[in-house]
Amino acid sequence: MKTILTMAFALQCLTLSAQTEFPNTLTLPEGSASPKASLKNIEWLAGRWVGEAFGGTTEELWSPPDGKSMMSVFRSVVNGKVNFYEIVTIVEENETLVLRLKHFHADLKGWEEKNVTQDFRLVKMTPDRIYFEGFTFEKVSANQMNSYVVIGSRKETLKELSFPYTRANLN
C-alpha cells in the first residue's frame, strides 16, 4: 500500500514540462493552446469500468455529459480494503476540455490541499483516444478501454502506466 500511495503522491508532484515523450501520452508544446473540443466527442467514456492494477482491482464510474461536465469516481481495492479514491471531472471550458482530479485516502481525507486540483489540459483527440497532458483514455472497443498515466516526481523517475478496463454492469 505504501508503494501505491508513494506512486500516486508522485503523480500530484508531476511536472509535465520536463516530460519526455511516452508511447501513449502526450504534452502540449510550451505556449500552445488546447484544441477545440466538446464532451459530445467522448460520450463513450460514460459507464462503469473495472480492471486490475496496484495488486488489486480498480474501478471507474463515469457519468454521461451534463452541465458541460462529466464526472467520475475511482477506487483502488487491494486485499479487500480501499487504498485510495479519486474524484475526476472533465469539463468544457473556453471551447476545450480540461480534466481535473483530487485524491483521497480510504477515510476520505484529501491528499491535495483543500483548493488544489490536479489539472490536465487537452492535447489532442482522435475518434478512439483522448489525450490530456500525461493522461490518455483509449477506446479499444465498446466494452474495453485503456487509461495511460505518466507518474513520477522528477524527469528521471517518470514512467507511463497502463490501466486496462472492461465495461461492467452497475450491480
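The values are calculated or read from the model by the stated rules, or taken from the named source; none is laboratory data. As the structure is a prediction and not an experimental result, all values here were calculated from the model. Positions of Cβ are generated from backbone atoms using ideal geometry, with glycine treated the same way; all protein chains shown enter the neighbour counts.
For region 25-54: of the residues being closer than 21 Å to T126 by Cα and among the basic types (K, R), which is modelled with the highest pLDDT?
Applying the first criterion (closer than 21 Å to T126 by Cα) to region 25-54 yields 25-29, 32-47, 49.
Applying the additional criterion that residues be among the basic types (K, R) yields 36, 40.
Details: K36: 96, K40: 93.
Among those that are closer than 21 Å to T126 by Cα and among the basic types (K, R), it is K36.
Set side by side, the residues V77, V82, V73, V50 differ, and just one is in contact (Cβ under 8 Å) with a residue 40 or more places away in the chain and surrounded by fewer than 19 Cβ atoms within 10 Å (Cβ to Cβ), which is V50.
For the condition within 20 Å of F22 (Cα to Cα) and loosely packed, with under 13 Cβ neighbours inside 10 Å, D119 qualifies. With respect to the conditions (1) over 16 Å from the mean Cα position of the chain (by Cα); (2) touching a residue at least 24 places away in the same chain (Cβ under 8 Å); (3) assigned to a loop (DSSP other than H, G, I, E, B), E112 falls short on a single one, namely (1). Residues that are surrounded by 17 or more Cβ atoms within 10 Å (Cβ to Cβ), in a strand (DSSP E or B) and aliphatic (A, V, I, L, M) within region 132-160 comprise M145, V149, V150, I151, listed in sequence order.
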